[in-house]
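Quick note: the coordinates plus some simple rules give every number you see, no bench work behind them. Source: prediction; values computed, not measured. As a convention, Cβ positions derive from the backbone with ideal geometry for all residues, glycine included, and neighbour counts pool all protein chains shown.
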Amino acid sequence: MGQKLRVLFVASEGVPFAKTGGLADVVGTLPHALEELGVEVKVLMPYYAMVKQGKTPTTLIAEDLEVNLGLIRHSFNLMAPTTPSPFYFVERDEFYERSQLYGTPRGDYFDNLERFAFFCGAVLPFCRALDFHPDLIHCHDWQSALAPVYLRQRWAGEDILAGAKTVFTIHNLAYQGLFPQDKYPLLGLDWSYYCIDGLEYYGQINLLKGGILCADAITTVSPRYSQEIQTPEFGYGLEGVLATRAEHLHGILNGVDYRDWSPETDGLIPAKFGREDLKGKAADKAALMEAFGLSKDLADAPILAIISRLADQKGFDLVEQVLPQLMKQKLMVVILGTGEEKYHRWLESVAPKYKGKLGVKIAFDNKLAHLMEAGADMFLMPSRYEPCGLNQIYSMKYGTIPVVRATGGLADTVTPVGHPSAPGTGFVFTDYTPEAFLKAIHTALDAYADKELWRRIMVHAMDEDFSWKVSAQAYLELYKSLVQ
């Protein structure tokens, strides 16, 4: 291929602009890794209030571009950072000028179908405005799932998209974009596509299903998750649809950007450190204790950290069940995240009860997240399911040993301590029960008590390399196979 491969990312979030989870980390880092491999990448996402109010100044690129929602034509402006960046933003305040991306703790926004159908519809006018002919459009999760559908059903005759292929990445199959049938006319699609082999799903519209059926290739964010979602336990009702597309389904493990997540270069932590010299970790631990108001009497006890969406998927029902037993032991627990209202209320009620031993912050706080990775001793991820997970990967680089459940990307990235053929990098349990979770934590605490053993585990974990280099190359090979 003589000229550069041209790829358009269509995604609802990306760091450093807007984030609710791992999707944003991927969208914020994979394009740069692809650019290093010689790919021309542009990223399209909504112009949320948090983008507008963020630290990156933006400028107007094009105005009064148009998208139809049903029979009504709406306009939008196209914004971009003033400094060189692959990112572009769809500005329409009616849809995106909100405090959160998808909803509040009480529930999703009532007009999410309109918001993200409009966003997907903006792909064509975006490409026209920039005279950008993508070879491939890479879409992420249900919010962008209509783009592959539109490419097949609405944009088939558009020269600027002629020959474009699509990759659709499932970051979390549980979130599918389900909406009532009576909103279907807003999508601008023929009713013939509202059927069992299209967007219809038990009398509702299912946007994710459309992306799965129409994309040229489907990827998940770890090899194990690509297998799991074809089973009833993890398929969330779409295992049959995925089975019909199994030959087009690929599991590619997420990478991480160690320029942002390495204790040797991290500008957000008080003391840097590395595998050869771990002294800085003690200073970071002291700073973490101070940040959460933890008792200085526990300075030699381990800190167990959780940075997570506060949700059932992340195993918070297990956390709730084991916390009283943990609080009886000589250790500290720190928790950072936002999510389901029931867990907000629970954490707000238990935090005062265990003052000095339990630190809680219900927020998104990137600087504090870095301090927790650097200063904690263990990282807890008891997920019910986990498509990839990034925090266990960050944790290992900081010598913060993960305690995880053997599912999805957690199983693909954490080698159990005691594994016969490889040095262990964490503690793994299988059964989704509080007993199994607690047992894994106790095994980790026993290892922590043996300082020489713990140091060896830390060094093995810090040696692991999950940079984007391998994963970006895997995506590039997939792109080339589709385009050629």
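Per-residue Karplus couplings for region 187-197, computed as 6.51 cos²θ - 1.76 cosθ + 1.60 with θ equal to phi - 60°, are listed in order as 6, x, 10, 5, 4, 4, 8, 8, 8, 4, 9 Hz, Gly and Pro entered as x.
Of the listed pairs Lys42/Lys397; Lys19/Lys439; Lys55/Lys397; Lys19/Lys42; Lys281/Lys439; Lys330/Lys367, which have alpha-carbon separations greater than 22 Å here? List each step's numbers first, then the result.
Numbers: Lys42/Lys397 30 Å; Lys19/Lys439 33 Å; Lys55/Lys397 27 Å; Lys19/Lys42 18 Å; Lys281/Lys439 26 Å; Lys330/Lys367 27 Å.
Beyond 22 Å between Cα atoms: Lys42/Lys397; Lys19/Lys439; Lys55/Lys397; Lys281/Lys439; Lys330/Lys367.
Once the Kirkwood radius over Cα pairs is known for the chain, the Stokes-Einstein relation at 10 °C and 1.306 mPa s delivers a diffusion coefficient of 68 µm²/s.
In the chain, the longest principal axis of the Cα atoms and the axis of helix 451-463 are about 20 degrees apart. Mean separation of Cα pairs under 8 Å and 6+ residues apart, divided by the residue count of the chain: what relative contact order is that in percent? Once normalised by length, the contact order is 12 percent.
Across bins of 5 angstrom width beginning at 0, how are the C-alpha pair distances of region 405-484 distributed, in whole percent? It works out to 3, 13, 18, 19, 15, 11, 8, 7, 4, 2, 1, 0, in whole percents. Per-residue 3J(HN,Hα) values for region 249-261, derived from phi via the Karplus relation 6.51 cos²θ - 1.76 cosθ + 1.60 with θ = phi - 60°, read 9, 10, x, 10, 5, 4, x, 10, 9, 6, 5, 8, 10 Hz in sequence order (x marks Gly and Pro). Once the Cα atoms are used to define both axes, helix 366-375 deviates from the longest principal axis of the chain by about 30 degrees. This ranking places Asp197, Asp300, Asp317 by how few other beta-carbon atoms lie within 10 Å of each, fewest first, which gives Asp300, Asp197, Asp317. Among Met381, Met45, the ranking by other beta carbons within 10 Å of each residue's beta carbon, starting with the fewest, stands as Met381, Met45.
Note on region 279-465: Kirkwood hydrodynamic radius from all Cα pairs is 16.2 Å, rounded to one decimal. The stretch between Thr430 and Glu66, if pulled fully straight at 0.36 nm per residue, gains 126.0 nm over its current Cα-Cα span. Axis of helix 468-483 versus longest Cα principal axis of the chain: the two differ by about 20°, to the nearest ten degrees. The mean sequence distance of close C-alpha pairs (under 8 Å, at least 6 residues apart), as a share of the length of region 1-120, puts its relative contact order at 22 percent.
Sorting 334-340, 477-483, 394-400 by their mean Cβ neighbour count within 10 Å, with the most densely packed peptide first, gives 394-400, 334-340, 477-483.
Other residues within the sphere of radius under 14 Å centred on the Cβ of Ala447, judged by their own Cβ, net out at 0 (K and R +1, D and E -1). Can you pick out the pairs among Lys52/Lys342; Lys209/Lys342; Lys52/Lys353 whose Cα atoms lie more than 32 Å from each other? Distance filter (> 32 Å) returns Lys52/Lys353.
A cut-off under 10 angstrom between Cβ atoms defines the neighbours of Val459, and their net charge, with Lys, Arg +1 and Asp, Glu -1, is +1. Evaluating 6.51 cos²θ - 1.76 cosθ + 1.60 at θ = phi - 60° for every residue in region 287-301, the Karplus couplings come out as 5, 5, 4, 5, 4, 9, x, 7, 5, 5, 5, 9, 4, 8, 8 Hz, glycine and proline recorded as x.
Exposure proxy for Asp25, Asp108: other Cβ atoms within 10 Å of each Cβ, ordered fewest to most, give Asp108, Asp25. Equivalent-ellipsoid semi-axes for region 180-294 (Cα gyration tensor, √(5λ), whole Å, largest first): 46, 18, 14. Each label point was placed 7 Å from the Cα along the Cα-to-Cβ direction; for Ile160 and Met327 their separation is 5.8 nm.
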